[in-house]
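Computed from the coordinates by the stated procedures, all read-outs in this text should not be read as laboratory data. Since the structure is predicted, the reported quantities are computational estimates derived from the model, not experimental observations. Because the Cβ atoms are built from the backbone with ideal geometry, glycine has one as well, and the counts that use them run over all protein chains shown.
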Amino acid sequence: MKYVPHAIFAFLVMSLLVGQRFGFVWAGGTGYILERNAGIVALIGEPRIDRMGETRAAELWHSVDRGETIVTQSTERLMLQLDFTHTIALDENTTITIVENTREAIRIHLTKGRIYADTHVTDGSETNDQVATQLSIWTDRTESSIESGAMTVVNYDFLEKVSVLPINTIVTITTKSEPTFTTIHPITIDDVYGEILEPNATFNVNAPDVVDFYEWARGLSIE
C-alpha cells in the first residue's frame with residue numbers, strides 16, 4: 001500500500017502532460033484544435049524537410065507536419081497544399097515553417113525567400129468548408145494575413161526587409177511599430193523596426209528573374 005500514493009501521483013502527472021499536449025482546458029489549454037493536413041503536391045529538385053535537427057528529402061504526395069521546416073536551394077521549388085484549397089508555392093532559396101494549420105488559422109513562418117500564397121477563395125464565398133480561414137505569413141517582426149485571394153511575400157533576410165503584394169485581396173499587416181492596417185497595394189516594410197519603407201512599392205511579377213516562378217506557381221494552383 002505504501003506505493004499507492006506514488007502510483008497515483010505518477011498517473012496524475014502523466015494525465016496532466018497528455019492534457020497539455022492536446023490543449024485540454026482542464027490542463028491549462030484552450031481546448032483541443034484538430035490540425036489539418038498539409039502535403040507536397042509539386043516539387044522541382046530535391047528540397048529538404050527539417051524536424052528538430054533531423055532532415056529528410058521532400059517527397060511528392062507526402063505530408064508535412066506542424067513544426068516542420070521546408071528548405072529549397074538554388075533551382076529548387078515546392079508547392080504545399082494545406083487541406084482542401086490553400087496552397088503555398090516556394091521559390092528557390094526559400095525557407096518556411098508550418099506554425100499552425102487548423103480550421104481557425106493557417107500560420108507560416110517565412111525565414112527567407114519568396115512565396116506565393118493562394119487561398120483559392122473568392123471574397124465572401126464558401127469553398128470546401130474553408131470559410132474565412134485566415135492565412136498568415138510572418139517573418140521576424142511582420143505578419144501579413146488574408147482570408148481570400150492571394151498574395152506574394154518576399155523576405156529579403158539579408159536586407160532585413162519584407163515586401164508584400166496583394167493579389168485580388170486585402171492584406172492585413174501587423175508590424176512591430178505600426179498599428180495593424182490593411183492594404184491592397186504592394187508595400188515594403190523594415191523587418192527590424194517595423195517601419196514602412198515603401199507604401200506603394202514597385203513589384204513586377206513579370207520581371208525576368210521571377211516570372212518563371214509565378215507562372216509555375218499559378219499554373220499549378222488549384223482552380
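Work out the length of the dipole vector of segment 35-220 about its Cα centre, built from +1 on the beta-carbon of each Lys and Arg and -1 on the beta-carbon of each Asp and Glu, and round it to the nearest 20 debye. List each step's numbers first, then the result.
Working: 14 positive and 30 negative charges, 19 e Å.
So the dipole magnitude of segment 35-220 works out to roughly 80 debye.
Once fully extended, how much extra length lies between Q134 and L197, figured as 0.36 nm per residue of separation less the alpha-carbon to alpha-carbon distance?
Numbers: separation 63, 0.36 × 63 = 22.68 nm, distance 2.55 nm.
The Q134-L197 span can extend by a further 20.1 nm.
Inter-part distance, segment 185-214 to segment 47-112, computed on C-alpha centroids, equals 22 Å. Applied to segment 191-197, the Karplus parametrisation 6.51 cos²θ - 1.76 cosθ + 1.60 on θ = phi - 60° returns per-residue 3J(HN,Hα) values of 7, 9, 9, x, 7, 7, 8 Hz, with x for Gly and Pro.
When the Kirkwood radius is taken over all Cα pairs of segment 77-210, what Stokes-Einstein diffusion coefficient follows at 4 °C and 1.567 mPa s, in µm²/s?
88 µm²/s
Maximal additional length on extending the K112-L159 stretch stands at 15.9 nm, based on 0.36 nm per residue less the C-alpha distance. Net charge in the neighbourhood of D157 (other residues with Cβ under 15 Å of its Cβ; Lys, Arg +1, Asp, Glu -1) is -2. Modelled spin-label separation between V205 and F84, with each label point placed 7 Å from Cα along the Cα-to-Cβ direction: 2.4 nm. Here M151, M14, M52 are placed in order of increasing Cβ neighbour count within 10 Å, fewest first, which gives M52, M14, M151.
Summing +1 for each Lys or Arg and -1 for each Asp or Glu, what net charge is found among the other residues whose Cβ lies under 14 Å from the Cβ of E198? Surrounding charge for E198 is -3. Can you tally the net charge around V99? Count Lys and Arg as +1, Asp and Glu as -1, for every other residue whose Cβ sits under 10 Å from the Cβ of V99. With Lys, Arg at +1 and Asp, Glu at -1, the neighbours total +1.
Maximal additional length on extending the N37-I170 stretch stands at 45.3 nm, based on 0.36 nm per residue less the C-alpha distance.
Ranking T175, T111 by Cβ neighbours within 10 Å, fewest first, what do you get? Before the final figure, lay out each step's value.
Working: T175 21, T111 14.
Final ranking by Cβ density, sparse to dense: T111, T175.
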